[in-house]
Each structure stands twice: as C-alpha cells, then as structure tokens.
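Trainee: Below you will find the structure I want to go over with you.
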Amino acid sequence: MNDRPLPAAESYTNTDDDWLEAALLADGREHRAQYLDDAGFTARVIAALPAPLALPAWRRPALMLLWALAGLGIALALPGAVVDVAYDVMHVVAGQHVSLSGIGAAVVALAVAAWAAAAFALRDD
Amino acid sequence: MAESPLADAELIARVVVRDDRHAFSELVRRHQSAVRTTLRRLTGGNHALADDLAQETFMLAYRNLGSFRQEAKFSTWLYRIATNAYLAEARKRKEELLGDRDSGVADDESGDAPDDDAGGPDPERAASLSMDMQRAMEVLSDAERAAIVQCYHNDLSHEEAAQVLDCPVGTVKTHILRAKQKMKARLAAWARD
C-alpha cells in the first residue's frame, strides 16, 4: 500500500503477519512495475466505439430554408406592421442629424450583427 | 520542439465536448496497462477474460465520461469501472469459476512449501513466492481479492479503495483482514521458512 495515512492499518498488522505484509508489498511493487505492451489493444477499443453521429448533408440548407420561409411568413402575415416600422424608422432617422462617421458606424454594427447571426446559424453542432 | 503531453483532464474535456476519438485513444493508451494488469490479477491470470473486461471498461468509460466529475483521479475511476465489470462477470460465472478454482487449489496443495535449500532473497525464491501468492489469492472471495488488489497492487489508500469498491472504509479493512488470514493459512509454509 502507499504511504498515505491509513488510520487502522496497524490493526491487522502484527509481528506474525510481517512476512505476509512484506510479501504483499513486494508483490504490489512487482505488479506496478509491470508494463503491458499495447499490442493493438487501443485500436480494438477505438474500433468498437459506436460510430460518430453523422448529421445528414441536407440538414444545414434545410434549416436555412426553414428560417428564410419563417421570416417571409412573418413578413407576409404582418405586411402593414413591416411597412409601418420601416416608415417610422426612416422618419426617425431622417429627423436626426446624421454624419458620415455615424452612417459608417451603423454599417459596421449591422455587418457585425449579420456576421454573428450567420456564424451562430452555421456553427458546428 | 516536442509538445508536452496533455493532462488527462484536457483529453477528457476534448472527448466530452467534441467527441474527439484521438483524445480518447490517448487516454486508453495511457491507462491500458494498469487496467489490464489489474484485471489479470482479479481474474486469476485469465488474460483473455481480463482483456475482454478491459475493453468493456473503456467502452463504459467512453459512454459515461460526461458524468466523471474529476473528484477522484481518472485512474481510480477506471479501476472502479473495471472492478465492477469484474464483479458482474464473476457473479455471472460464479458456478464455473468456483469449479475451476476448487480444482486449481487441489492441484496446488503440494506446491506451497518453499524449497528446503532456499536461503536469502534470491530471484528464484521471490518468483516462487510470487506464484504461490497468486495461487493463494484464488482462495479469496471476489470482494476480498478486489480489496487486496486495490490496496496492495494499485497502491490505493483505504479511502480510495472504498471509493473504487463502492463500500465503506471499514468493509475494505475487514476484507483485507480476512484475506490476509486466508492467505496466511494458505502460505503457512513460507511463514515457517
């Protein structure tokens, strides 16, 4: 056994048992010194693992199509709302003093948001 | 410059998060020897059965790696799975194993005594004692043998062995005490020597 504290180890070790304790410890050391060559064992284990879960190739385009259809469906279901929101946004924007740097910042922010959304949608499962 | 080997924890994370088979094969390669030698001890030197159980151990480890909380060492966790696999197999084969063991013990009755001219710690004598120790372990119950293997061969503390064997520390100590009493009787000739 190892050298860590074994509170009751002495309870079953007495002088009469010393030879057996020594023999067990020696046997343990011999056991730990033994190294078994892999000899193809690892390859057998890996070959026996279940096949990786392969997603069908059509899954990603089908998902994108479904999202596009859902977006289109919402837009068609709420035509007035979309136009109203677009009109109000244009109205608010037109009422603001917009600088060239402001437009640039908005474009960059929109691009980052679009890139993040695309990365999220196309992420690995 | 050669890359330093990844720690077990990093390999485990790769397997759990990305199902990285390469990382899992590295884990198997690292621990296969310890698991297989332990199972060889537990099965009384049945190498084929030990390797089958070792393969089952790693398959179970792969399936349950997500539940490994890293509270114990990975090797200790593997010993636990291996020991459970052995005990389940032993229960399944109880009758068959007991039959084999009884006949083995009967055949070995005359082989316990060391040679009369055996003197100091020479290799031949040590090898003879080692073989007799292995035979003596065959008279132990499955639980007693498992306790001896975990504490003496795998160098686990009583607390770690209790985790592996899924029993209280006191039970481990009782198993070891009884195992040593049986082995002492079986190896009496070595004590007289």
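Computed from the coordinates by the stated procedures, all read-outs in this text should not be read as laboratory data. None of these values were measured; they are calculated from a predicted model. Here the Cβ is made from the backbone with ideal geometry for all residues, glycine too, and neighbour counts use every protein chain on show.
Trainee: If each residue of separation counts as 0.36 nm, what is the full-extension length gain between residue B:60 and residue B:167 once their alpha-carbon separation is subtracted?
Mentor: Here the answer is 36.5 nm.
Trainee: Give me a single rounded figure for B:31-38: the average over its residues of other chain Cβ atoms within 10 Å of their Cβ.
Mentor: 4
Trainee: Next question. Modelling each spin label as a point 7 Å along the Cα-to-Cβ direction, I'd like the residue B:141/residue A:110 distance in nm, to one decimal.
Mentor: 7.8 nm
Trainee: Can you tell me which of B:173-180, B:130-137 comes out highest on packing, and rank the rest after it, using the mean Cβ neighbours within 10 Å?
Mentor: Result, highest mean Cβ count within 10 Å first: B:173-180, B:130-137.
Trainee: Show me B:159-169, A:101-111 ranked by packing, highest mean number of other Cβ atoms within 10 Å first.
Mentor: Highest mean packing first, the order is B:159-169, A:101-111.
Trainee: If one computes the Cα centroid of the range B:4-71 and of the range B:132-160, what distance in Å separates the two points?
Mentor: Centre-to-centre (Cα) distance: 21 Å.
Trainee: Quick one: B:69, B:41, fewest Cβ neighbours within 10 Å first, how do they rank?
Mentor: The fewest-first ordering by Cβ neighbours comes to B:69, B:41.
Trainee: How shielded is B:153-160 by partner chains, expressed as the average number of their Cβ atoms within 10 Å of its Cβ atoms?
Mentor: The per-residue average across the peptide is 6.
Trainee: Okay, next question. Residue by residue through B:5-16, how many Cβ atoms from other chains fall within 10 Å of the Cβ on average?
Mentor: Across the residues of B:5-16, the mean count of other-chain Cβ atoms within 10 Å is 0.
Trainee: Expected output is a single nm value to one decimal: the length gained when fully extending between residue B:70 and residue B:182, i.e. 0.36 nm times separation in residues minus the C-alpha distance. What is it?
Mentor: 36.7 nm
Trainee: Under 20 Å from a point placed 7 Å out from the Cα of residue B:16 along the Cα-to-Cβ direction: which residues of the range A:30-61 have their backbone N that close?
Mentor: A:50, A:53
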